[in-house]
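Novice: Please read through the structure below; I'll follow up with questions.
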Amino acid sequence: MRITFAILFVLSFHARVQSTERPNILFIFTDDHALNAISAYGGPLAKIAPTPHLDRIASEGMLFKHCLVTNSICGPSRAVVLTGKHSHLNGFKTNKNRFDGSQQTVSKLLQKAGYQTAIIGKWHLKSVPTGFDHHEVLKGQGQYYNPRLFTGGKPTQHTGYTTDIITDRSLKWLDERDPKKPFLLMSQHKAPHGKWEPALRHLNLFDKIDIPEPPTLFDDYSGRSRAAKNHKMGIAKDMGPSRLMFKYSSKFTPEQFKVFNAYFGPRNKAAKQAQLTGKARTRWNYQRYIKNYLRCVKAVDENVGRLLKYLDEKGLADNTVVIYSSDQGFYLGEHGWFDKRWMYEESLHMPLLVRWPGVTKPKSISKALVSNLDFAQTFLDIANAKQPADMQGRSLTSILKGQTPKNWRKTHYYHYYEAGGHGVPIHYGVTNGTHKLIRFPSEKLDAWEFFDLKKDPMELKSQYEDASYQDSIRELKNELQRLRKLYKIEN
Ligand code: CA
């Protein structure tokens, strides 16, 4: 009897040690969430639009100041997260591609390592998810209200606000999972991707205030190559009726429509009657856009709070690594833009907040150049699983432990492939955090840009022709060649 008890004790102790060694991973991933719309990052909107639950992850863990995306657009960023490989190797270079689910992914490797894996919400890779014990995903972009979630290609219709529903479903999966195994849950929101339809409870938020305009709202693009000027992502001209909420995208229930339209209907009528033009119209568009965007963010923040509360209440918080990120950054009126794609700072930066209790010191800030290329290896390292040699990133665990390796990367390679989307041409480049070199290789453009990010953080003047920068430019050109070889870029 005593011996049995002793064995049981040892076994249970062993189980506890095992589970301490192999924490759960809760990966909350949103779409198009700009750093400037997370108050933990400071920024001009931090006081107006606080995100207390996201800030909690930062204050109990680490905030990464320079998490840089490899290819600033939805599907490609997600494919990099899953594979730990640049777009040209994982095969998902543009949103027109279809993800090859037969390839190696972090979810498959974690499954093999004994993790339960689930993805709930936005997938955006067209093929049926592989490597997950459970998936229920939106088709394409999905919609903000009454989403259909697909499992094995079969849809289930839900009624309500999509950001809430993705969390409801995530909580349900957590409740029903096998508590004896560690888990990877990828809870992935459509929000705050356009067309920005806020939750009914947030329609009145920011009603009484004007959101400050970014200093480059009326950028004339004069200091750069023709590329920026040729954009089709202008707040002034390119938003169209559905991004400005003159037209609704979701299929509402009659009750939802009544409330939603009671808010926008009269305001739209007044706006049409005002017949604003020129700068006044741009300013109106900006307010309409930014308020709806921030309202969508508000629902994300509340739902992050629900997940954190669940971990607290179920005693899971201590043994779960919580990671918050978004597939790329976004323009909130900077350079007169919405959308992403460019290698300029706002769309290059992804938010990254990580809470790892007992490992990561609360309130830490990392300035290391990290990337979505590192996520897969980080997950594997957290799980104590082997990192395949063909992955191209590097685990962030040493940084999370407070020890940034001396040989951590000093430069980041970027490559955007989706020619023409919102007028943005194919481009690639390199940044070392203080200087940035961009190449627009198309025959029509054939241009280079070079920015001194310290002197010109808003990237208004390319110094590519400036004689005093020629040494730095040559250095970055060499680095660009080195990285293209290292990552096996063919063209
Ligand atoms: Ca996106």
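Novice: Can you give me the % of accessible surface on the stretch 415-486 that is carbon or sulfur? Probe 1.4 Å, all protein chains present, nothing else counted. All intermediate terms of the calculation are to be shown ahead of the outcome.
Specialist: Numbers: 1860 of 3680 Å².
On the stretch 415-486, the fraction of accessible area on carbon and sulfur atoms equals 50 percent.
Novice: A further question on this structure: Report the relative contact order of the chain, percent, no decimals, based on alpha-carbon pairs under 8 angstrom and at least 6 residues apart.
Specialist: Numbers: 974 pairs, mean separation 119.0, N = 491.
Result for the chain is 24 percent.
Novice: Leaving out ligands and nucleic acids, and using a 1.4 Å probe, what accessible area per residue does the stretch 327-473 come to in Å²?
Specialist: On the way: 5580 Å² over 147 residues.
Per-residue accessible area for the stretch 327-473 comes out at 38 Å².
Novice: Leaving ligands, DNA and RNA out of it, report the carbon-plus-sulfur percent of the accessible area of the stretch 149-244 at a 1.4 Å probe.
Specialist: Details: 2200 of 4380 Å².
So the carbon and sulfur contribution to the accessible surface is 50 percent.
Novice: Moving on to the next point. Amide H of residue 184 versus every other amide H placed in the peptide plane: which residues, excluding those fewer than 5 positions away on the same chain, fall under 5 Å?
Specialist: 25, 116, 117, 118
Novice: Pull up the cross-link candidates among the lysines for residue 208, meaning alpha carbon to alpha carbon under 17 Å and not fewer than 8 places away within one chain.
Specialist: 47, 291, 298
Novice: Here is a follow-up. How much area per residue is accessible in the stretch 43-158 when the probe is 1.4 Å and only protein heavy atoms are counted (Å²)?
Specialist: Values: 4020 Å² over 116 residues.
Averaged over the residues of the stretch 43-158, the accessible area is 35 Å².
Novice: State log₁₀ I(q)/I(0) for the chain at q = 0.09 Å⁻¹ as given by the Debye formula over alpha-carbon point scatterers of equal weight, solvent excluded.
Specialist: For the requested q values the scattering log ratios are -0.61.
Novice: Any of 229/488; 85/122; 195/436; 195/258 with alpha carbons more than 28 Å apart? Name them for me. The partial results should precede the final answer.
Specialist: Working: 229/488 31 Å; 85/122 20 Å; 195/436 31 Å; 195/258 19 Å.
Exceeds cut-off: 229/488; 195/436.
Novice: Another question, then. For the stretch 453-476 and the stretch 71-136, what is the separation of their Cα centres, given in Å?
Specialist: 36 Å
Novice: Using unit Cβ charges (K, R positive; D, E negative) and no other charged atoms, how large, in debye to the nearest 20, is the dipole of the stretch 371-466 about its Cα centre? Walk me through the numbers before you get to the answer.
Specialist: On the way: 12 positive and 12 negative charges, 112 e Å.
Dipole magnitude for the stretch 371-466 comes out near 540 debye.
Novice: Using Cα centres only, tell me the gap between the stretch 325-352 and the stretch 292-309 in whole Å.
Specialist: Cα centres, the stretch 325-352 to the stretch 292-309: 19 Å.
Novice: Given the peptides 419-429, 70-80, arrange them by the average over their residues of other C-beta atoms within 10 Å, most packed first. Provide the component values of the computation, followed by the final result.
Specialist: Numbers: 419-429: 18.9, 70-80: 26.1.
Per-residue mean Cβ counts within 10 Å order the peptides as 70-80, 419-429.
Novice: Run down the aspartates and glutamates and flag those whose C-alpha is under 15 Å from the C-alpha of residue 485, throwing out any fewer than 8 positions away in its chain.
Specialist: Output for residue 485: 390.
Novice: Show the residues, 5+ positions off or on another chain, whose built amide H is closer than 5 Å to the amide H of residue 435.
Specialist: Under 5 Å from the amide H of residue 435: 453.
Novice: Could you work out the relative contact order of the stretch 415-486? I mean the mean sequence separation of Cα pairs under 8 Å and 6+ apart, divided by the number of residues, in percent. Don't skip to the end; give the middle numbers.
Specialist: Values: 93 pairs, mean separation 14.7, N = 72.
About 20 percent, as a whole number.
Novice: Spin-label point model (7 Å from Cα, Cβ direction): what's the residue 181 to residue 128 distance in nm?
Specialist: Taking the two extended label points, one gets 1.9 nm.
Novice: Based on alpha-carbon centroids, what's the gap between the stretch 241-284 and the stretch 187-222 in Å, whole number please?
Specialist: If we compute the Cα centre of each part, the gap is 14 Å.
Novice: Next question. Quick one: work out the % antiparallel among DSSP beta bridges in the chain, nearest 5. Could you put the intermediate results ahead of the total?
Specialist: Working: 30 of 57 bridges.
Close to 55 percent.
Novice: Related question: What nm value, rounded to one decimal, do you get for the distance between residue 361 and residue 281 when each label is placed 7 Å out toward the C-beta?
Specialist: In this crude spin-label approximation the distance works out to 5.4 nm.
Novice: Rank-order 32-43, 263-274 by packing density, defined as the average count of other C-beta atoms within 10 Å over each peptide's residues, highest first.
Specialist: Details: 32-43: 22.4, 263-274: 12.8.
Sorting 32-43, 263-274 by mean packing, highest first, produces 32-43, 263-274.
Novice: Rounded to the nearest 500, what is the chain's calculated 222 nm mean residue ellipticity when only DSSP H runs of at least 4 contribute -39500 (n - 2.57) each, over all residues? Intermediate values should be presented prior to the final figure.
Specialist: Working: 14 runs with 162 residues, N = 491.
Dividing the helical sum by the residues of the chain leaves -10000 deg cm²/dmol.
Novice: Three principal axis extents, largest first, for the C-alpha atoms of the stretch 323-440, in Å?
Specialist: Taking max minus min along each principal axis of the Cα atoms, the stretch 323-440 gives 45, 32, 24 Å.
Novice: Apply the Karplus curve 6.51 cos²θ - 1.76 cosθ + 1.60, θ = phi - 60°, to the phi angles in the stretch 138-146 and return the couplings in whole Hz, x for Gly and Pro.
Specialist: For the stretch 138-146, the Karplus curve yields 5, 8, x, 6, x, 10, 6, 10, 6 Hz.
Novice: Here's something else I'd like to know. Roughly how many debye, to the nearest 20, is the charge dipole of the chain about its Cα centre, given +1 on each Lys and Arg Cβ, -1 on each Asp and Glu Cβ, and no other charges? Each step should come with its number before you reach the end.
Specialist: Details: 73 positive and 47 negative charges, 116 e Å.
Rounded to the nearest 20 debye, it is 560 debye.
Novice: Okay, next question. Show which aspartates and glutamates lie in cross-link reach of residue 126 when reach means a straight Cα distance below 12 angstrom and same-chain residues fewer than eight apart are skipped.
Specialist: 100
Novice: Over 25 Å between Cα atoms: which of 96/279; 65/190; 454/477 fall into that group? Don't jump to the answer; show the numbers that get you there.
Specialist: Numbers: 96/279 35 Å; 65/190 23 Å; 454/477 19 Å.
Long pairs (Cα-Cα over 25 Å): 96/279.
Novice: Of the trypsin sites (Lys or Arg not before Pro) in the stretch 371-443, which ones lie in a loop per DSSP and count no more than 14 other C-beta atoms within 10 Å? Walk me through the numbers on the way to the answer.
Specialist: Working: sites: 386, 394, 401, 406, 409, 410, 436, 439; in loops: 386, 394, 401, 406, 409, 410.
For trypsin sites (Lys or Arg not before Pro) across the stretch 371-443 that sit outside H, G, I, E and B with at most 14 neighbouring Cβ atoms in 10 Å, the list reads 386, 401, 406, 410.
Novice: Show me, for the stretch 43-55, the HN-Hα J-couplings you get by feeding each phi into the Karplus relation (A = 6.51, B = -1.76, C = 1.60, θ = phi - 60°), rounded to Hz, glycine and proline as x.
Specialist: x, x, 9, 4, 7, 6, 10, x, 10, x, 6, 5, 4
The values are calculated or read from the model by the stated rules, or taken from the named source; none is laboratory data. What you see is a predicted model, and the numbers here were worked out from it, not measured in a lab. Don't worry about glycine lacking a Cβ; one is built from the backbone with ideal geometry, like all the others, and counts go over all protein chains shown. Side chains are part of the model used for accessible areas, which takes the heavy atoms of the whole protein and leaves out ligands, DNA and RNA. Shrake-Rupley method; radii C 1.70, N 1.55, O 1.52, S 1.80 Å.
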